[in-house]
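Notes for the one structure printed next.
The values are calculated or read from the model by the stated rules, or taken from the named source; none is laboratory data. Computed from a predicted model, the values in this text were never measured in an experiment. For neighbour counting, all protein chains shown are included, and Cβ atoms are generated from backbone atoms with ideal geometry for every residue, glycine included.
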Amino acid sequence: MNLRERIEFVIKIVEEFGKLDDKLLQSAQKNNSWFDKKSVMFSLNHWRNILNYGSLNKWLNNYDQTKFFKNKKILVLNAGNIPLAGFHDFLCVFLTGNSPIIKMSSNDSVLFPKIISKCISSLSNKVPLKLLNSVEDILCDKLIMSGNNISTQIVEYKFKNTSKLLRRNKNSIAIIKGDETDDEIENLGDDIFSYYGMGCRNVSKLYVKKGFSINRILKIFTKKFSYLSKNPTYLNNYNYYKAIYQLDGLKFYDGLFFIFKEDESIGSPISVINYEFYDNLEEIYSKIKQRSDEIQCIVSSNHIAFGNSQKPKISDYPDGIDTISFITD
């Protein structure tokens, strides 16, 4: 397949995103309770909005395409934390003319392979792509992985002689300067609660200007995001951490299905949002610089706009590492 054919195949995949029936959506949720219809459709609609002939060509034209089509076998280890995690890595490998070998996560073993397989079957298997459940005895030229620190250590050892792009645990933060509107605070809730907070681009920590009312945030979130309490797995997390904090005598704000806890940590458990008050922005920027290796992205009026952390552009690479450059170098 040449580049034009590969772009057409990606467009075909995107078209399939709009044709999923309830049976497949139910199957995806049965496999992973976090993948409810709302979360899956949020992911699918985002990809449909940003992928088209124009955007794909514009993106790829930023690179030296003489480095494309070197027939490299690139192993992609899917994370499976959110619907279609790893899809961007697939795009980078496939559209640069290389052969993706995708190890499916057990957490996303339905949605991604079903869609891809359906598209492949209509093209007489001309697509240079493998979907696997295991990587035993797999030989590859390069490897891409997003995962926790333990799993990346295992992969580092197992593929010690292979060129690797490894992404470890990161979380995202938001800065509230004190002049935000109710709409902006509501949009911040999308940054926190989309995918139930499972993604590295989900905000898990708030830096809040002293004097700003935490109760105001709670009131807005409680009104819009009550659907979270309908997911038993999510609610179990909330009840568990609420009980733990109560037993430990810790102070926290109870949103009835989420918790605000004053904590310096950037990462937080599902259903818990850490917050920290600050006096001036210089203080916060200093902290962010010191802890940049823990932060995926920043949401604020001066950074990623409220409500957009989980709506990355095609050129937004995880950890800020250009995946296409890694593949083609």
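What the table below lists for this structure:
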read-out	value
Segment 196-223, residues that are exposed (fewer than 14 other Cβ atoms within 10 Å of the Cβ) and touching a residue at least 12 places away in the same chain (Cβ under 8 Å)	K210, G211, N215, R216
Where a residue in segment 259-277 is part of a loop (DSSP other than H, G, I, E, B) and its partner, wherever it lies, is surrounded by 18 or more Cβ atoms within 10 Å (Cβ to Cβ) and small (G, A, S), with Cβ under 6 Å and at least six apart	G267/S204; S268/S204; I270/G197
K19 being surrounded by fewer than 17 Cβ atoms within 10 Å (Cβ to Cβ), free of Cβ contacts under 8 Å to residues at least 60 places away in the same chain and part of a helix (DSSP H, G or I)	no
Segment 63-98 - residue that is surrounded by fewer than 17 Cβ atoms within 10 Å (Cβ to Cβ) and among the polar types (S, T, N, Q) and, of those, farthest from F193 (Cα to Cα)	T66
Selection count, segment 95-120, where residues are without any contact (Cβ under 8 Å) to a residue 60 or more places away in the chain, under 18 Å from E5 (Cβ atoms) and outside any helix (DSSP H, G or I)	2
Any pair with Cβ under 8 angstrom, 6 or more apart, that starts in segment 83-94 at a residue that is on the phi > 0 side of the Ramachandran plot and ends at one that is among the acidic types (D, E)	L84/D108; G86/D108
Where T181 falls short, out of the listed (1) surrounded by fewer than 17 Cβ atoms within 10 Å (Cβ to Cβ); (2) within 22 Å of the chain's Cα centre (by Cα); (3) assigned by TED's automatic domain parsing to the domain that holds S265	(2)
Qualifying residue in segment 34-46 (condition: of a type outside the set (V, I, T), in a loop (DSSP other than H, G, I, E, B) and either in contact with a Cys (Cβ under 6 Å, 6 or more places away or on another chain) or within 20 Å of S146 (Cα to Cα) (or both))	yes
Contacts under 9 angstrom Cβ, first residue in segment 28-46 being free of Cβ contacts under 8 Å to residues at least 24 places away in the same chain, partner in a helix (DSSP H, G or I) and aliphatic (A, V, I, L, M), 6 or more apart	Q29/V40; K37/L25; K37/A28; M41/L25
Every residue from segment 47-80 that is in contact with a strand residue (DSSP E or B) (Cβ under 8 Å, 6 or more places away or on another chain) and either touching a residue at least 40 places away in the same chain (Cβ under 8 Å) or farther than 18 Å from E5 by Cβ (or both)	K72, K73, I74, L75, V76, L77, N78, A79
Long-range neighbours under 6 Å by Cβ, at least six apart or interchain, first residue at negative phi within segment 121-139, second at pLDDT below 80	V127/I120
Options G189, G199; residue that is assigned to a loop (DSSP other than H, G, I, E, B), under 27 Å from H88 (Cβ atoms) and not polar (S, T, N, Q)	G199
Filter result (within 30 Å of N57 (Cα to Cα), part of a loop (DSSP other than H, G, I, E, B) and not small (G, A, S)) within segment 278-316	N302, H303, F306, N308, Q310, K311, P312, K313, I314, D316
Matching residues in segment 157-206 - criterion: being hydroxyl-bearing (S, T, Y), more than 17 Å from H46 (Cβ to Cβ) and touching a strand residue (DSSP E or B) at 6+ places or on another chain (Cβ under 9 Å)	T162, S163, S204
Filter result for Y253 (surrounded by 13 or more Cβ atoms within 10 Å (Cβ to Cβ), modelled with pLDDT of 95 or more, over 22 Å from the mean Cα position of the chain (by Cα) and not basic (K, R))	yes
K242 touching a residue at least 12 places away in the same chain (Cβ under 8 Å), out of contact with any Phe, Trp or Tyr (no Cβ under 7 Å at 6 or more places or on another chain), over 19 Å from V203 (Cα atoms) and in the same structural domain as Y207 (by TED's automatic domain parsing)	yes
Unmet requirement for N237, which otherwise passes all of (1) outside any helix (DSSP H, G or I); (2) touching a residue at least 24 places away in the same chain (Cβ under 8 Å)	(1)
